[in-house]
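Okay, structure first, notes after.
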Amino acid sequence: MGYFGNIWDGIRTTAQGLKLTTSVFARAVTKGSYTLQYPEENLPIDPVTHRGIHEYDVDRCISCEACAKACPVDCIYIESAPDAKGKPTKGKVSVMTRFDIDYSKCLFCGLCVPPCPSECIQLGARYSLPGHTRDEMVVHFHEGGYPVAEKTDHAKKMIEEFRAEGLYAKKRAERAALGIPTLRPADG
Amino acid sequence: MDTKEIGALLKERFGDDVLDVFQDDRHGHVRVTQKVFVEASRFLRDDPRTRFEQLHDLTAVDWIDHFEVVLHLCSLSKRLNFCLKTRTPSRDDATCPSVTSVWPGADWHERETWDLMGVRFIGHPDLRRILLPEDWEGHPLRKDEGNPLEYHGIPGIAAIRGAEERLREEELANKTSRAGGRPGPDRAPARTGGDA
Amino acid sequence: MVPERDVQSEELVVNMGPQHPATHGVLRVTCKTDGEVILDCEPMVGNLHRCKEKIAENVQYWQFMPYTDRLDYLASMNNEECYARAAEKLLGIKLPERMEYIRLIMTEAGRLSSHLMSVGTYGLDVGAITPFLYCFREREEANHLFEKISGGRMLYHFMRIGGCARDLDDAWIQRLLEFLDRVESKMDEYNTLLTWNKMFQERTMHVGVLTREAALAHGVTGPALRASGVDWDVRRDDPYGIYHKFKWSVPVADGKYGTVGDCWNRHWMRALEMKESISLVRQAIDKMPKAGPDDFQPVESPHKPYLAKGVPRTMRAPKGAEVYVRSENPRGELGFYLVSDGGTSPYRCKIRAPAFCNIAVLPHITRGYLISDLVAIIGSIDIVLGEVDR
């Protein structure tokens, strides 16, 4: 292929490419483009499978620390109020004084979800948590997490039990006595 | 041809310098002395029965009293996989002959092993750190290597953990609430994607 | 135009990167140059070192899975699959047949998604922005698909040891098939825009030639090895999983276009492999069996993993056991070498990263080419620095 052949090839293949891009452009003009105007428009998110910011029911938590043990980066910090003997409370009656998740460390892997015996923690559909400092990346879930959206029969039964025993109101009152407000009640 | 047969070939050629031929359903390996390590590598590469033309992986394992250098070889023409091992004389004398003369591809693998494990490869043309910075001290994959406290003014994880614990103790002592942080996830700024 | 070689100028050391858009991440390349000709170059890696191997020694087997996503973050599915297989071999877990099919479908779809990215960004490297956007249009759909099934757009954490996050349902499979049809129909567009474009060919053909011998000696794997004319694919030649049940062809450079082992052929191998991946996914979907009654543990909630029967909760490998497992990743052969001391975490976990071995060959194939070719050569090796530095 000679010198002019090369030039001709360049022109020919470029013209082919331009023909293609023009057709795509025409399609975009007539049928709309592929892009979205974020943040005014958002992509649809599957609320069940999406692994976003945690949904957590502080009143149903039994402070077993299974999620903290499963966490590969140790980003979950759990403390519960001491009982009469000074030991941290466990089980149904436990009152959470600290349930912090450090989102600067969190991998959003979802390994904290399956071990939970009371199914009070899940990864939800929210994903946006901008902040200016590292401290802002720590979320105090004990002051009110989002209720878990996806409830299994086991979880529903547990909620009924908790309600019947009046544990939701009791725990909230106990936390208030410790100076922890409940900003967003869960399944109360 | 499996590890046992290749081990037999090596035994035939190197005799007592082949120390261990092992195979189970998971993995197989042949361990040779350091003396014949490079020679055995060259033999495995050049012998028409084996032809391991590709060094797949080179690494080392810290077994506390010595290091074990592990080579994974691959023969593309004969479709064979093989694992060759050798041990360093001791933990303090963590040296091993380099196989860069046999497989040039061993260059970076040996640099990495030196960098992270601290096995010095004798005969390597340019044994420098590769993944870590040049002024790093220690070899992090050794089992006795602790977490560094500080590097150029950046606190290490050990220092951070210590500081966190101290802060926690102070808080408990003073009963003060934690500074910073978000009261709940719904305090995130309003115009954001996920919160809509 | 190649500059006049008889005119010698002063040698100059030029630093490229680490913050350079064409180095695919944080790679720094120091080049010794004479005018515009590269006399020698050295890739400086390690800027993204995140101590993966040390982390593996400190977390349990199943906890290391999300970390493997972050190795080659463009092909997370393939990394996960390789690690899962290594851990399963070490722990002695057998998989039901359906799970093998799910793994194959997901890894091949992951390969397709990764190659879409590679092909697109390679165009960007040599100055063609349009194919990049077109490839991203399709990759976006792949991201949606993976997000739908695994919950993550890039770091899927889909595979688990002895299973996966959730079963594939029919609606999802239907969507996947539609996606495959769409990519297949668009494949010619990429080739028209990029592969057969004369200017692209001028930039990449006969540039950065990696000979067959050098490729073998330096341990180059994957599309780069096949572009050098070596007919080798682990999926076919040392089959793992259920690859032996399928028929597909392994593209190998034959020198019909360009020189065997040049940048263009490396790009071309990826473009051809995309077609093979599509065919593999289709075959697997056709043949995928239903789950047997005793194959899987019951799944109570969509947040619980879909695990095979008999997968233990506490994973403990026998003392002294070791495995070396490799798989064909989009960038080459990924290997996991796991050693157990009888505990719940690996005693040693070595990751044989394909991009680490492939980028090591860079000095050998850049000598004598121009600085502008360096970008084309780095792009054609298709590295992901997350994997190089681990």
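At a glance:
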quantity	calculated
Filter pass, C:Gly127 being outside any helix (DSSP H, G or I) and either crowded, with 19+ Cβ neighbours inside 10 Å or more than 10 Å from every other protein chain (Cβ to nearest Cβ) (or both)	yes
The listed residue being open to solvent by 20 Å² or more (accessible area, probe 1.4 Å), more than 9 Å from every other protein chain (Cβ to nearest Cβ) and of a type in the set (A, V, I, L, M), out of C:Met199, C:Met205	C:Met205
Filter result (within 13 Å of chain C (Cβ to nearest Cβ) and surrounded by fewer than 20 Cβ atoms within 10 Å (Cβ to Cβ)) within segment B:3-26	B:Asp20, B:Phe22, B:Gln23, B:Asp24, B:Asp25, B:Arg26
Output for segment A:133-148, where each listed residue is more than 7 Å from every other protein chain (Cβ to nearest Cβ) and open to solvent by 20 Å² or more (accessible area, probe 1.4 Å)	A:Arg134, A:Met137, A:Pro147
Answer from B:Asp65, B:Asp135, B:Asp126, B:Asp93 - the residue that is assigned to a loop (DSSP other than H, G, I, E, B), within 12 Å of another protein chain (Cβ to nearest Cβ) and more than 21 Å from C:Ile351 (Cα to Cα)	B:Asp126
First in segment C:319-333 and free of Cβ contacts under 8 Å to residues at least 24 places away in the same chain and more than 14 Å from B:Val70 (Cβ to Cβ), second anywhere and of a type outside the set (Lys, Arg) and open to solvent by 10 Å² or more (accessible area, probe 1.4 Å), Cβ under 8 Å, 6 or more apart	C:Lys319/C:Asp341; C:Lys319/C:Gly342
Strands (runs of 3 or more DSSP E) lying entirely in segment C:1-58 (those with 3 or more residues that are open to solvent by less than 30 Å² (accessible area, probe 1.4 Å), modelled with pLDDT of 85 or more and not β-branched (Val, Ile, Thr))	none
Residue count, segment C:135-171 (criterion: open to solvent by 10 Å² or more (accessible area, probe 1.4 Å), within 30 Å of C:Gly310 (Cα to Cα), within 11 Å of chain A (Cβ to nearest Cβ) and part of a helix (DSSP H, G or I))	2
Criterion (within 12 Å of another protein chain (Cβ to nearest Cβ) and either in contact (Cβ under 8 Å) with a residue 24 or more places away in the chain or β-branched (Val, Ile, Thr) (or both)) met by exactly one of C:Tyr240, C:Tyr257	C:Tyr240
Any hit, segment A:151-168, residues being of a type in the set (S, T, N, Q) and surrounded by fewer than 19 Cβ atoms within 10 Å (Cβ to Cβ)	yes
Qualifying residue in segment C:222-238 (condition: at pLDDT below 90, touching a helix residue (DSSP H, G or I) at 6+ places or on another chain (Cβ under 7 Å), of a type in the set (Val, Ile, Thr) and surrounded by 22 or more Cβ atoms within 10 Å (Cβ to Cβ))	yes
Filter result for A:Ala70 (exposed (fewer than 13 other Cβ atoms within 10 Å of the Cβ) and not hydroxyl-bearing (Ser, Thr, Tyr))	no
Pairs, first farther than 21 Å from C:Leu177 by Cα in segment C:263-276, second of a type in the set (Phe, Trp, Tyr) and open to solvent by less than 10 Å² (accessible area, probe 1.4 Å), C-beta under 6 Å, six or more apart	C:His267/C:Tyr122
Residue that is farthest from A:Tyr56 (Cα to Cα), among those in segment A:74-132 that are within 14 Å of chain C (Cβ to nearest Cβ), over 15 Å from the mean Cα position of the chain (by Cα) and open to solvent by 30 Å² or more (accessible area, probe 1.4 Å)	A:Asp74
Total residues in segment A:42-67, condition within 14 Å of chain C (Cβ to nearest Cβ), free of Cβ contacts under 8 Å to residues at least 24 places away in the same chain and open to solvent by 40 Å² or more (accessible area, probe 1.4 Å)	3
Segment A:1-33: number of residues that are in contact with an Asp or Glu (Cβ under 7 Å, 6 or more places away or on another chain) and within 30 Å of C:Gly152 (Cβ to Cβ)	0
Elements of type strands (runs of 3 or more DSSP E) in segment C:301-389, at least 2 residues being over 25 Å from the mean Cα position of the chain (by Cα), closer than 23 Å to C:Leu90 by Cα and within 11 Å of chain B (Cβ to nearest Cβ)	C:319-329, C:332-341
Which listed residue is out of contact with any Gly (no Cβ under 8 Å at 6 or more places or on another chain), of a type in the set (Gly, Ala, Ser), without any contact (Cβ under 8 Å) to a residue 60 or more places away in the chain and open to solvent by less than 30 Å² (accessible area, probe 1.4 Å), from B:Ala40, B:Ala94	B:Ala40
Meets criteria (within 14 Å of chain A (Cβ to nearest Cβ) and either free of Cβ contacts under 8 Å to residues at least 60 places away in the same chain or more than 26 Å from the chain's Cα centre (by Cα) (or both)) for C:Ile38	no
Hey, A:Lys69 among the basic types (Lys, Arg), assigned to a helix (DSSP H, G or I) and within 19 Å of A:Gln122 (Cα to Cα) or not	yes
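The values are calculated or read from the model by the stated rules, or taken from the named source; none is laboratory data. The shown structure was predicted, so the numbers you read here are calculated from the model rather than taken from an experiment. In this analysis, Cβ positions are derived from the backbone assuming ideal geometry, glycine residues included, and neighbour counts consider all displayed protein chains. All accessible areas refer to the heavy atoms of the entire protein, side chains included, with ligands and DNA or RNA removed. Shrake-Rupley method; radii C 1.70, N 1.55, O 1.52, S 1.80 Å.
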